[in-house]
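Below is one structure, written out as structure tokens; comments come after it.
We did not get these values from a lab; they are worked out from the coordinates using the rules stated. Computed from a predicted model, the values in this text were never measured in an experiment. Cβ atoms come from the backbone with ideal geometry, glycine included; neighbour counts cover every protein chain shown.
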Amino acid sequence: MEARNLLKAYCMIPAISGYEGELAYSFLEDIKPFCDETTIDRAGNVIGKIEGNDLSAPTIMIFAHLDSLGFIVRRVEKDGFLQIDRLGGIPEKVLPGCRLKIRSEYGSWHSGVIGPKAHHATPAEEKYKVDLVTSLYVDIGASSDEEVRTLGIEVGCPAVYEPMYTELTGGKVSATFVDDRGGVAALVLIAENLSKSRPEATVYVVGTVWEEFNLRGAMMAARTVKPDIALSIDVMLTGDTPDLRNKFQINIGDGPAVGLYSFHGRGTLNGTLPHEGLFKLAKTAAANAGVPLQRFAGLGILTDMAYLQLEGEGAACLELGFPARYTHSPVEVCDPSDIDKLAILASEMARLVDIDFELDRY
Ligand SMILES: [Zn+2]
């Protein structure tokens with residue numbers, strides 16, 4: 001199996017936080033052949049177990065979030081337009097002109113567009129300003145609120161960027177929801193790898209919910225799995241585009257990355273401090289597997305690992321990632337070969353863990 005095909009399939013399935021079901025069951029079917037047990041918990045976390053050869057070795061949880069960000073309908077106008085609000089960190093400046101899919105209460109999906117003000121009628125002082133999401137509106141083609149409601153679209157219905165996947169040159173891909181369908185794809189590859197060559201440790205591959213909403217869906221899965229070691233897989237920001245050149249160290253196409261510092265201070269006050277022993281293990285695994293290992297550290301970033309690390313006695317944690325550009329926009333870009341290599345890295349890390357792995361930080 002290859003990351004590219006999995007990524008393509010997963011990027012086309014809408015799965016906004018709280019509505020992960022379709023993707024969750026698709027992922028569940030994909031890992032089933034490689035797992036000894038698969039379950040889906042009440043919230044929608046998908047848990048696949050690959051039993052290790054030594055039941056006294058530490059338990060490992062490798063996880064990626066199923067959900068993506070999106071929108072919620074906030075108001076239906078009399079003339080059929082929808083007002084929306086953000087679910088998750090939507091960048092408002094990319095919104096005018098965006099195509100959306102809105103989910104009705106019946107589960108059907110309907111097309112809509114965020115209408116930008118007609119250019120010919122835009123005064124000069126408005127041309128370079130970003131509109132708040134609350135000042136925008138979605139046009140689904142309806143002429144009245146009654147027509148909207150007949151479709152089953154009401155206040156509270158979710159909406160997402162219209163799913164898109166396209167191949168760029170050089171093997172790169174642009175798609176909606178690369179964050180974190182690339183991570184979900186990696187989980188399938190990891191399950192496949194480990195089922196062929198079983199590690200000492202028991203490994204759980206887990207697709208988590210609610211990351212883009214409140215970062216805490218993974219906590220519920222951790223209470224079930226009770227991991228001694230946790231590895232998260234998510235996007236990591238590159239420093240290889242003209243706007244971010246020299247800001248971060250990692251480049252697209254140069255392989256997986258390890259997160260050595262993430263912190264979000266704007267009201268959240270959380271982040272992840274990596275377990276040094278696990279970082280050493282990542283370096284050894286990368287060398288063994290012949291996979292390059294990039295390093296990421298940056299402020300303003302937070303993943304569900306930050307909350308998972310507080311569960312139980314405190315699992316040894318390390319964030320793994322694949323380089324991605326234009327995060328949270330509808331045109332995120334990645335190189336699926338980075339995801340293939342990330343899966344090799346994480347699988348090798350799992351194989352290196354045995355009963356002697358030092359879980360304590362000090
Ligand atoms: Zn993510």
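Things worth noting here:
- Cα gyration tensor shape for the range 54-165, rounded if a/c is under 1.5, else prolate or oblate: oblate
- The helix-based estimate of mean residue ellipticity at 222 nm for the chain, built from -39,500 (n - 2.57) per DSSP H run of four or more residues and divided by its residue count, is -7500 deg cm²/dmol to the nearest 500.
- Cross-link check: pairs Lys129/Lys172; Lys49/Lys172; Lys101/Lys129 evaluated at a Cα-Cα cut-off of 29 Å; pairs beyond the cut-off: Lys129/Lys172; Lys49/Lys172.
- Each Lys and Arg adds +1 at its Cβ and each Asp and Glu adds -1 at its Cβ; summed about the Cα centre, the range 70-161 shows a dipole of about 340 debye.
- Result for the chain in a Gaussian network model with C-alpha springs under 10 Å: among Val73, Val46, Val206, the largest mean-square fluctuation is at Val73.
- Considering all C-alpha pairs of the chain, those separated by over 24 Å amount to 56%.
- DSSP-loop chymotrypsin sites (Phe, Trp or Tyr not before Pro) across the range 100-189, with at most 12 other Cβ within 10 angstrom: Tyr106, Tyr128
- Cβ-placed point charges (K, R +1; D, E -1), dipole of the chain about Cα centre in debye, nearest 20: 680
- Label-to-label distance, nm, for residues given as Ala287 and Thr169 (7 Å Cα→Cβ offset): 3.9
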